[in-house]
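So the structure is just underneath, and the comments pick up after that.
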Amino acid sequence: MNGSLSCSAVNCVHNLSGLCSANKILVNGLSAQASTGTQCETFAEKGIKNALMHLTNMNIPGEIRQLFNNDGIHMYPEVACNAVRCRFNNDRKCEADRVLIMGAHANSSDGTYCETFTP
Ligand code: SF4
């Protein structure tokens, strides 16, 4: 993905004001035919334990850039994706310009999905 990623999964340890602070995420949905068949596998519930466990996947330079340049999106993850029926999927990498991950009430990956999925 070369664009931006927004995410409503506010309970995720990587969520920073609706943006994703992970270096890389994985979207699952091998047999998905619609958005709701996908999940963000990288979701981890907010908390000290998960913050420490996922430290190596934290985009710290991106977070700093974002904090000091709040006029746009300066932080977005590389998106690997198993939803091979999505038109933006190229060899299990996402090539959409903008990705929106949903999951406002999610407490696990199961409560998330990629709204941008397009068959
Ligand atoms: S837009 Fe398509 S390829 Fe990109 S993450 Fe969502 S489901 Fe995967």
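The values are calculated or read from the model by the stated rules, or taken from the named source; none is laboratory data. For clarity, every value in this text was computed on a predicted model and none was experimentally measured. Glycine also receives a Cβ, built like all others from the backbone with ideal geometry; neighbour counts cover every protein chain displayed. Please note that ligands, DNA and RNA were not included when accessible areas were found on the heavy atoms of the full protein model with its side chains. Shrake-Rupley method; radii C 1.70, N 1.55, O 1.52, S 1.80 Å.
For the stretch 76-100, enumerate the residues that are more than 8 Å from the ligand (Cβ to nearest atom) and closer than 11 Å to C7 by Cβ.
The answer is Y76, P77, L100.
Which one is nearest to G37 (Cα to Cα) among residues in the stretch 81-103 that are outside any loop (DSSP other than H, G, I, E, B) and either open to solvent by 90 Å² or more (accessible area, probe 1.4 Å) or of a type in the set (V, I, T) (or both)?
This residue is I101.
Can you tell me how many residues in the stretch 61-82 are among the β-branched types (V, I, T) and without any contact (Cβ under 8 Å) to a residue 24 or more places away in the chain?
Taking the stretch 61-82 and keeping what is among the β-branched types (V, I, T), we get 64, 73, 79.
Applying the additional criterion that residues be without any contact (Cβ under 8 Å) to a residue 24 or more places away in the chain yields 64.
Residues meeting the conditions: 1.
Given the criterion open to solvent by 20 Å² or more (accessible area, probe 1.4 Å) and under 20 Å from T116 (Cβ atoms), identify the matching residue among L52, L26, L67.
Going through L52, L26, L67 in turn, just one is open to solvent by 20 Å² or more (accessible area, probe 1.4 Å) and under 20 Å from T116 (Cβ atoms): L26.
State all residues of the stretch 70-80 that are farther than 17 Å from S17 by Cα and open to solvent by less than 70 Å² (accessible area, probe 1.4 Å); if no residue qualifies, say none.
V79, A80
Output the residues belonging to the stretch 60-80 that are outside any helix (DSSP H, G or I) and within 18 Å of S8 (Cβ to Cβ).
Across the stretch 60-80, the qualifying residues are I73, M75, Y76, P77, V79.
Within the stretch 40-91, how many residues are within 20 Å of G103 (Cβ to Cβ), in contact with a helix residue (DSSP H, G or I) (Cβ under 6 Å, 6 or more places away or on another chain) and at pLDDT below 95?
Residues flagged as within 20 Å of G103 (Cβ to Cβ), in contact with a helix residue (DSSP H, G or I) (Cβ under 6 Å, 6 or more places away or on another chain) and at pLDDT below 95 within the stretch 40-91 amount to 1.
If a residue must be within 16 Å of the ligand (Cβ to nearest atom) and either surrounded by fewer than 19 Cβ atoms within 10 Å (Cβ to Cβ) or part of a helix (DSSP H, G or I) (or both), how many such residues does the stretch 34-49 contain? Walk me through how you get there before you give the answer.
Residues of the stretch 34-49 that are within 16 Å of the ligand (Cβ to nearest atom), as a first pass: 34-43.
Keeping just the survivors that are either surrounded by fewer than 19 Cβ atoms within 10 Å (Cβ to Cβ) or part of a helix (DSSP H, G or I) (or both) gives 34-37, 41.
Result for the stretch 34-49: 5.
For the stretch 104-119, name all the residues that are more than 9 Å from the ligand (Cβ to nearest atom) and either open to solvent by less than 50 Å² (accessible area, probe 1.4 Å) or part of a loop (DSSP other than H, G, I, E, B) (or both).
A104, H105, A106, N107, S108, S109, G111, T112, P119
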